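Quick notes on the structure that follows.
The values are calculated or read from the model by the stated rules, or taken from the named source; none is laboratory data. Being a predicted model, the structure only gives us computed values, none of them experimental. Because the Cβ atoms are built from the backbone with ideal geometry, glycine has one as well, and the counts that use them run over all protein chains shown. Accessible surface is based on the protein model in full, side chains and every heavy atom, while ligands, DNA and RNA are left aside. Shrake-Rupley method; radii C 1.70, N 1.55, O 1.52, S 1.80 Å.
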Amino acid sequence: MSASIILQPGREKSLNRRHPWIFSRGIEKTVGKMRSGDTVDVYAHDGQWLGRGAWSPESQIQVRIWTFEQTETIDNGFFERRIARAQSLREDLIAKDGLTGYRLIAAESDGLPGVTIDRYASVLVCQLLSAGAEKHRSKIVWALKKHFPECSIYERSDVAVRKKEGLEEITQVLHGQVPDEVIIEENGVKIIVNVKQGHKTGFYLDQRDNRAIAAEYAKGKHVLNCFSYTGTFGSYALAKGARFVTNLDVSDLALHTAKRNLEVNQLDVNQSEFLNLDVFQALRDFKQDKKTFDQIILDPPKFVDSKSSLSRACRGYKDINMLAMQILEPGGILCTFSCSGLMSFDLFQKIVADAALDAGREVQILERLGQAPDHPVASNYPEGFYLKGFVCKVI
């Protein structure tokens with residue numbers, strides 16, 4: 001028998017439903033020698049073969065399944081097939097929306113646990129967040145070079161979650177010449193992306209559809225864009241006829257890029273302001289100064305990174321939503337989001353409802369929003385659904 005693990009009795013149920021994770025508490029014993037990232041076969045307690053995955057002794061998730069097909073080996077061809085399939089599944093979306101920036105690999109949802117790959121024009125940016133992904137870096141790069149010979153490849157594995165896998169944070173050029181910045185286009189809007197220092201892999205591709213939806217409400221309005229980053233919600237809003245946009249962020253570099261994004265889209269910079277302010281404090285100050293807006297966008301960073309932090313995060317979400325509702329003009333539009341995977345849609349809706357009560361406002365939910373379709377949610381991996389949002393009318 002090759003390196004393998006035997007599950008505790010009854011622990012095979014999730015794998016029979018093709019969920020790709022095995023937690024340490026579900027393992028009865030290991031067989032053979034195995035190092036971090038090695039490929040192991042997974043067996044039920046009764047000896048039934050269940051799957052083949054990557055061993056990660058440092059993590060609570062000790063095996064991430066690569067394949068549920070016993071004849072499939074984890075070689076160059078495996079990664080080539082997965083990447084080719086992912087690109088094929090996105091071709092219609094790329095053509096329809098005129099995308100030059102999109103998510104190519106969405107980790108478990110594309111059958112590559114711990115692997116995220118985003119394409120920004122001619123640059124592919126990879127995040128390898130699991131021991132198995134780390135082990136097979138060279139195979140992943142080989143497959144990318146084969147399918148995208150015109151692209152350079154950069155690694156942005158500078159994410160704290162790698163420590164849970166016993167891995168160091170790392171950034172590096174994997175292939176070709178990688179520029180600091182590229183310009184992508186989505187829905188006719190040009191966006192400057194800093195692939196080496198920008199958030200995540202450089203940008204928030206998952207909000208693409210929501211930027212377009214929010215902009216449809218912006219015509220003639222003064223829009224407050226909170227946690228604005230490089231101001232793309234604001235660029236969309238001005239392109240759709242917003243009267244004025246106030247961008248709030250705590251990064252001068254991000255705000256400078258937000259201004260440049262308006263310039264590359266030939267939008268009037270004089271219809272925007274760029275304020276380096278803490279959003280929580282700024283909302284309180286606006287309330288005190290009786291300053292109001294016609295539309296507010298709340299797109300905060302991830303507040304929840306563990307179940308233990310969920311209660312604190314709920315208070316944070318409630319606070320900013322309550323304050324935003326209090327400084328909206330009657331009939332104003334609130335576009336509010338949570339990118340925390342542990343935050344369910346129902347819980348987020350309850351937070352918005354509680355915020356409305358505390359704000360003394362009546363709120364109607366007009367639209368429920370999620371992540372763009374190049375960030376798919378596999379039916380066997382519901383954890384892949386993380387971005388939730390509402391478009392609300394505040395009365």
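General observations
- A count restricted to region 77-99 and to residues that are touching a Ser or Thr at 6+ places or on another chain (Cβ under 9 Å) and either more than 21 Å from ARG18 (Cα to Cα) or basic (Lys, Arg) (or both) stands at 1.
- Residue count, region 26-42 (criterion: part of a strand (DSSP E or B) and open to solvent by less than 40 Å² (accessible area, probe 1.4 Å)): 4
- Unique residue being in a strand (DSSP E or B), in contact (Cβ under 8 Å) with a residue 60 or more places away in the chain, open to solvent by less than 20 Å² (accessible area, probe 1.4 Å) and not hydrophobic (A, V, I, L, M, F, W, C) when the list is ASN225, ASN210: ASN225
- Unmet requirement for ARG315, which otherwise passes all of (1) at pLDDT 95 or above; (2) of a type outside the set (Ser, Thr, Tyr); (3) surrounded by fewer than 18 Cβ atoms within 10 Å (Cβ to Cβ); (4) more than 21 Å from the chain's Cα centre (by Cα): (1)
- A single member of ILE65, ILE74, ILE140, ILE105 is at pLDDT 95 or above, of a type in the set (Val, Ile, Thr) and assigned to a helix (DSSP H, G or I), and it is ILE140.
- Taking region 366-395 as the range and being open to solvent by 70 Å² or more (accessible area, probe 1.4 Å) and hydrophobic (A, V, I, L, M, F, W, C) as the test, the residues that pass are LEU366, ILE395.
- Candidate set from region 177-199 (those that are in contact with a helix residue (DSSP H, G or I) (Cβ under 9 Å, 6 or more places away or on another chain) and part of a loop (DSSP other than H, G, I, E, B)); member that is surrounded by the most Cβ atoms within 10 Å (Cβ to Cβ): GLY198
- The single condition among (1) open to solvent by less than 10 Å² (accessible area, probe 1.4 Å); (2) of a type in the set (A, V, I, L, M); (3) more than 25 Å from ALA95 (Cα to Cα) that LEU174 does not satisfy is (1).
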